Amino acid sequence: MTTFVDRVELHVAAGNGGHGCASVHREKFKPLGGPDGGNGGRGGDVILVVDQDVTTLLDYHHHPHRKATNGQPGAGDNREGKNGKDLVLPVPDGTVVLDGNGEVLADLVGQGTTFVAGQGGRGGLGNAALASARRKAPGFALLGEPGEARDIVLELKTVADVALVGYPSAGKSSLISVLSAAKPKIADYPFTTLVPNLGVVTAGATVYTIADVPGLIPGASQGKGLGLEFLRHVERCEVLVHVLDTATLESDRDPVSDLDVIEAELAQYGGLGDRPRVVVLNKVDIPDGKDLADMIRPDLEARGYRVFEVSAVAHQGLKELSYALADIVARARAAKPVQEATRIVIRPKAVDDAGFTVTQEGDGFFRVRGEKPERWVRQTDFNNDEAVGYLADRLNRLGVEEALLKAGARALDGVAIGPEDNAVVFDWEPSMSAGAEMLGRRGEDHRFEAPRPAAQRRRDRDAERDEAQSEYDGFNPF
């Protein structure tokens with residue numbers, strides 16, 4: 001049964017924003033109570049957070065679809081909808097977030113590091129928030145925006161200072177078990193290590209982590225064996241330790257050729273050429289292994305490698321090795337630049353930046369792209385004429401009509417607002433205001449302009465009385 005997963009495809013969906021409410025206050029003796037529709041709640045975000053207690057992506061392998069809760073719609077009496085709850089997903093330290101095209105979105109290293117994988121939708125405004133001096137009682141409200149939904153890939157790259165690399169059964173698991181408190185599975189058959197093992201080593205004042213990577217074989221960088229799947233776990237390490245088996249029972253292998261094969265695979269994988277190398281000749285407690293180590297050591301040192309002869313079983317040479325690795329790690333840490341606090345950079349929008357673009361995509365067809373126009377379209381209820389008129393007002397004030405005229409648009413040309421797969425298309429009139437005024441005078445609530453029978457009857461009686469009085473005053477019997 002799989003217990004370790006270091007790469008998953010995750011489908012995240014943030015919560016949708018709640019719709020605004022269109023409501024008019026109703027109370028006895030207050031026929032014109034005014035609008036009291038509340039705003040919709042914000043949709044919940046999907047947030048990735050580094051948690052040191054999480055070491056695998058197994059949970060997301062079994063449940064790859066994750067969705068935050070939606071915001072609640074607004075209600076009358078100025079009651080706002082409840083915000084959706086954020087969905088917090090814990091991930092291991094060293095998780096890399098990629099999009100569907102393989103572009104890196106975030107590199108999550110360090111406890112508590114967060115990344116918003118899906119942004120929740122905004123809640124729609126109620127008609128109370130849309131009221132103004134001209135539009136005293138709007139008969140519409142804005143819709144909530146849909147939450148962001150996308151597919152991302154999570155890759156785990158082990159955060160360790162030292163990586164042990166080598167052929168299967170070279171003794172890497174035995175070495176990490178005696179250098180640290182790690183308890184990996186140890187056996188004498190190939191591919192005993194199926195997942196990276198981490199251990200913590202203390203050498204003097206330096207504390208560092210060491211990783212045992214599953215064994216590499218020729219062709220590992222092309223996917224043979226387990227190499228390609230786990231080579232990513234050595235990318236963050238400061239030093240690579242070649243563990244060479246000096247007592248191998250395979251007649252066609254020797255430590256020097258093993259080293260050349262592993263180096264060739266690392267070179268084909270790429271990105272590891274600048275890491276310092278250390279060679280460990282393991283199993284020197286065996287007489288044949290000791291003789292072979294003495295034979296090949298001068299050749300390895302001539303290549304520029306620091307060579308250590310150790311025995312994980314007999315605990316020989318471990319102290320010298322651990323302190324040498326601690327020295328390399330300490331110097332690598334000291335050479336790193338000090339990380340400064342992230343600066344907050346404010347980039348004000350240019351004076352002539354309208355926030356949208358108008359492009360001609362064919363004879364008589366134009367497309368409008370921009371954050372504001374597209375958001376306004378998503379928030380508009382096209383079944384409500386007054387809401388459509390309000391959208392026309394907003395687009396006109398933003399300068400969309402003027403931009404269309406400059407782009408050469410003519411009457412009844414097609415105009416699309418939004419991307420190709422989700423756009424609102426309409427036939428454009430030379431004046432957006434004319435299209436809105438077809439619905440009536442914008443900025444007013446025509447419901448309150450309807451005739452009131454009782455008031456009209458009273459005005460008719462007053463007019464009749466005034467007319468009768470004027471006739472009586474003008475009557476002269478003589």
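Miscellaneous remarks
- Within segment 215-256, being open to solvent by 30 Å² or more (accessible area, probe 1.4 Å) and either among the hydrophobic types (A, V, I, L, M, F, W, C) or at pLDDT 85 or above (or both) holds for Ile217, Leu226, Leu228, Glu238, Leu249.
- In this structure, Asp36 does not satisfy being within 19 Å of the chain's Cα centre (by Cα), modelled with pLDDT of 90 or more and of a type in the set (Asp, Glu).
- Hey, Pro287 at pLDDT 90 or above, of a type outside the set (S, T, N, Q), over 50 Å from the mean Cα position of the chain (by Cα) and more than 15 Å from Leu164 (Cα to Cα) or not: no
- The set of residues in segment 257-285 being out of contact with any strand residue (DSSP E or B) (no Cβ under 8 Å at 6 or more places or on another chain), open to solvent by 40 Å² or more (accessible area, probe 1.4 Å) and not in a helix (DSSP H, G or I) consists of Gly271, Gly273, Asp274.
- Some residue of segment 43-61 being over 23 Å from Val109 (Cα atoms), open to solvent by 70 Å² or more (accessible area, probe 1.4 Å) and assigned to a loop (DSSP other than H, G, I, E, B): no
- Test result for Ala332, modelled with pLDDT under 90, over 50 Å from the mean Cα position of the chain (by Cα) and not in a loop (DSSP other than H, G, I, E, B): no
- Single residue of segment 354-385 satisfying the filter (open to solvent by less than 40 Å² (accessible area, probe 1.4 Å) and among the hydrophobic types (A, V, I, L, M, F, W, C)) that is farthest from the chain's Cα centre (by Cα): Phe366
- With respect to the stated conditions, Gly121 is surrounded by 21 or more Cβ atoms within 10 Å (Cβ to Cβ), touching a residue at least 60 places away in the same chain (Cβ under 8 Å) and either touching a Leu at 6+ places or on another chain (Cβ under 7 Å) or small (Gly, Ala, Ser) (or both).
- For segment 1-21, the set of residues classified as assigned to a loop (DSSP other than H, G, I, E, B), surrounded by fewer than 24 Cβ atoms within 10 Å (Cβ to Cβ) and not aromatic (Phe, Trp, Tyr) consists of Met1, Thr2, Thr3, Val5, Asp6, listed by residue number.
- Taken over segment 271-313, residues that are aromatic (Phe, Trp, Tyr) and out of contact with any helix residue (DSSP H, G or I) (no Cβ under 7 Å at 6 or more places or on another chain) amount to 1.
- Residue, farthest from Gly76 (Cα to Cα), within segment 124-138, restricted to residues that are open to solvent by 20 Å² or more (accessible area, probe 1.4 Å) and modelled with pLDDT of 90 or more: Ala131
- Test: residue in segment 69-91 that is closer than 11 Å to Leu154 by Cα, modelled with pLDDT of 90 or more and surrounded by 19 or more Cβ atoms within 10 Å (Cβ to Cβ): yes
- Those residues of segment 76-110 which are more than 18 Å from Ala14 (Cβ to Cβ) and not in a strand (DSSP E or B), in sequence order: Gly76, Asp77, Asn78, Glu80, Pro92, Asp93, Gly94, Asn101, Gly102, Glu103, Val109, Gly110
- Residue match in segment 359-374 (condition: at pLDDT 90 or above and of a type in the set (Ser, Thr, Tyr)): yes
- Residues of segment 366-412 that are basic (Lys, Arg) and in contact (Cβ under 8 Å) with a residue 60 or more places away in the chain: Arg375, Arg378.
- Subset of segment 288-336 (residues that are buried (at least 17 other Cβ atoms within 10 Å of the Cβ) and without any contact (Cβ under 8 Å) to a residue 24 or more places away in the chain): Arg297
- Of all residues in segment 399-425 being in contact with a strand residue (DSSP E or B) (Cβ under 7 Å, 6 or more places away or on another chain), closer than 23 Å to Gly123 by Cβ and modelled with pLDDT under 90, the one that is surrounded by the most Cβ atoms within 10 Å (Cβ to Cβ): Gly418
- Test: residue in segment 140-148 that is at pLDDT 90 or above, open to solvent by 20 Å² or more (accessible area, probe 1.4 Å) and either under 30 Å from Asp258 (Cβ atoms) or more than 15 Å from the chain's Cα centre (by Cα) (or both): yes
- Restricting the first member to segment 92-112 and to residues that are free of Cβ contacts under 8 Å to residues at least 60 places away in the same chain and closer than 15 Å to Tyr60 by Cβ, and the second to residues that are outside any loop (DSSP other than H, G, I, E, B) and of a type in the set (Val, Ile, Thr), the beta-carbon pairs closer than 7 Å and six or more apart or on different chains are Val97/Ile152; Leu98/Val104; Leu98/Ile152; Leu98/Val153.
The values are calculated or read from the model by the stated rules, or taken from the named source; none is laboratory data. Note that this is a predicted model, so its numbers are computed, not measured. When we count neighbours, we look across all protein chains shown, and the Cβ atoms used for this are built from the backbone with ideal geometry, even at glycine. Only protein heavy atoms, including side chains, enter the accessible area calculation; ligands, DNA and RNA are left aside. Shrake-Rupley method; radii C 1.70, N 1.55, O 1.52, S 1.80 Å.
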